[in-house]
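Taking it in order: structure first as structure tokens, then the write-up.
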Amino acid sequence: MVCASGGIRGGLDVARALALGARMGGLAQPVLRAQREGGEQGALEVLSRVVDGVRAAVFLAGCKRPTDLAQAPRVITGELKEWMAQLSAR
């Protein structure tokens, strides 16, 4: 099972990770910063936006569940495309 973390800042980043095969995404920095600046309510607001971002990505991709993103059509370009090509050539 793959858990994506590090550099994830919001719901769209989580959705991207799910689309690339991760089973879950973790993020700490945005939540901890929000908690420091706005207390528990600030952290809850950030987490709510993360959930909303994943829901929006799932809807816009025509999926029913976040796990369905792994099977959704996607366009991969740039450095990630080159990296994936190197992996598949092995």
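FYI, it's all coordinate maths here, none of it is from the lab. Bear in mind that the values here come from a model prediction, so they are computed numbers and not experimental data. In this analysis, Cβ positions are derived from the backbone assuming ideal geometry, glycine residues included, and neighbour counts consider all displayed protein chains.
Evaluate segment 33-48: report whether one residue or more is touching a helix residue (DSSP H, G or I) at 6+ places or on another chain (Cβ under 9 Å), under 20 Å from residue 4 (Cα atoms), of a type outside the set (Val, Ile, Thr) and loosely packed, with under 13 Cβ neighbours inside 10 Å.
No, the conditions are met nowhere in segment 33-48.
Please note which helices (runs of 4 or more DSSP H) are completely contained in the chain and include at least 3 residues that are in contact (Cβ under 8 Å) with a residue 24 or more places away in the chain.
11-19, 29-60
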